[in-house]
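Colleague: This structure is in structure tokens; I'll ask about it shortly.
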């Protein structure tokens, strides 16, 4: 009788073990699995400023090639899944939902606009999907939740650095004009706060809707406030370019300060012509390091031209390498990857330079304010 009971127990254990093994095989690849680990890349791939997303995708491909050439993740190759995130909240949410629900992805290099990032942050946090954004972000992005990491530069520092530069150049009366977006409003608010703290006076503070095409009434109002210089901001740079074009047509040409999108977007030059004399916040990244130089030479050789937005390339590459390091350290578990990134990205040496992620997963990188001369961004002589 005891033998029969023993046999039954053994059989039950064997069956239970078989069920457990089958379940694990379905849900978690075995250690020796060669199944790829998918990383999503969600960015702007159509319309105005599509060069942003194209650049990020090209860089991610170079990084994936390097990771796979180095053995992948314990022998498992990295596979990229590309999705167009546009720059609206709706597009950003749709892109992330597709990557998560249709492709089963839990690691994403993503983000084009602050609006899009904020909109899909609850989804990322709820599903424990690690999102590393290689584009700049403001306070809302910084506070978007545990699974949103900003590895590029802080928009708050853009506003601060622009205000400090304007004061140092001797302009103490400023007008600020911003498109109504999370990205631009964050810069405007920080600029105004810093400018006042430095002894400056804001003579006019205005905002316009993204669909605005006629700025003449706004220009007249700003002109009457008699600013010594103007901060003009728009999401992609093109709306600010229309403001500048119409301002020049009306003979109103004060010194202009802006964010990097106006200086980087090729469509802007087609609207306004010369950008000479415009000051802009240029995101800081490592331009002198051997690794950075080698990467950008490789990029140019691979794609037949230089990276159109180098700091996006640098932060995308760094983000891919951070994910790979985390996966190698803790395995294919997004919760553990999130914790690893928070704990271990300190004094990280990458293409962006040497930097750390704070307790909320945000980098501490700022901006250098430059002026365009002869079509070339140039350091300012104070």
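Colleague: Return the residue satisfying two criteria in turn: it lies in segment 276-313 and is part of a loop (DSSP other than H, G, I, E, B) and touching a helix residue (DSSP H, G or I) at 6+ places or on another chain (Cβ under 6 Å), and of such residues it is nearest to residue 366 (Cα to Cα).
Modeller: 285
Colleague: A follow-up question, please. Which of the residues belonging to segment 47-83 are modelled with pLDDT under 95 and either in contact with a strand residue (DSSP E or B) (Cβ under 6 Å, 6 or more places away or on another chain) or not in a loop (DSSP other than H, G, I, E, B) (or both)?
Modeller: Across segment 47-83, the qualifying residues are 51, 52, 53.
Colleague: Just wondering, is there one or more residues in segment 350-360 that are part of a helix (DSSP H, G or I) and within 23 Å of residue 108 (Cβ to Cβ)?
Modeller: no
Colleague: I need a count of the residues in segment 97-120 that are modelled with pLDDT of 95 or more, part of a helix (DSSP H, G or I) and surrounded by 24 or more Cβ atoms within 10 Å (Cβ to Cβ). Steps first, answer last, please.
Modeller: Restricting attention to segment 97-120, the residues satisfying the condition of being modelled with pLDDT of 95 or more are 97-109.
Pick out the ones that are also part of a helix (DSSP H, G or I) and you get 97-102.
If we keep only those that are surrounded by 24 or more Cβ atoms within 10 Å (Cβ to Cβ) too, we end up with 99.
Final tally of qualifying residues: 1.
Colleague: Right, next: Quick one: which strands (runs of 3 or more DSSP E) lie wholly within segment 133-229 and hold at least 3 residues that are in the same structural domain as residue 244 (by TED's automatic domain parsing) and more than 25 Å from residue 379 (Cβ to Cβ)?
Modeller: Values: elements: 148-150, 173-179, 201-208.
Strands (runs of 3 or more DSSP E) meeting the threshold: 173-179, 201-208.
Colleague: Still on this structure, please answer the following. What about residue 86, is it assigned to a loop (DSSP other than H, G, I, E, B), in contact (Cβ under 8 Å) with a residue 12 or more places away in the chain, more than 16 Å from residue 341 (Cβ to Cβ) and in the same structural domain as residue 332 (by TED's automatic domain parsing)?
Modeller: For residue 86, the condition - assigned to a loop (DSSP other than H, G, I, E, B), in contact (Cβ under 8 Å) with a residue 12 or more places away in the chain, more than 16 Å from residue 341 (Cβ to Cβ) and in the same structural domain as residue 332 (by TED's automatic domain parsing) - is met.
Colleague: Would you point out which residue out of 349, 338 is surrounded by fewer than 17 Cβ atoms within 10 Å (Cβ to Cβ) and either farther than 29 Å from residue 257 by Cβ or modelled with pLDDT of 95 or more (or both)?
Modeller: Values: 338 fails: surrounded by fewer than 17 Cβ atoms within 10 Å (Cβ to Cβ).
Just a single option satisfies the conditions, and that option is 349.
Colleague: So for segment 314-332 (the condition being in contact with a helix residue (DSSP H, G or I) (Cβ under 9 Å, 6 or more places away or on another chain) and part of a loop (DSSP other than H, G, I, E, B)), does at least one residue qualify?
Modeller: Checked segment 314-332: at least one residue is in contact with a helix residue (DSSP H, G or I) (Cβ under 9 Å, 6 or more places away or on another chain) and part of a loop (DSSP other than H, G, I, E, B).
Colleague: Tally the residues that are within 30 Å of residue 154 (Cβ to Cβ) and part of a helix (DSSP H, G or I), restricting the search to segment 246-263.
Modeller: The total comes to 5.
The values are calculated or read from the model by the stated rules, or taken from the named source; none is laboratory data. Note that the structure is predicted; figures quoted are calculated from it, not measured. In this analysis, Cβ positions are derived from the backbone assuming ideal geometry, glycine residues included, and neighbour counts consider all displayed protein chains.
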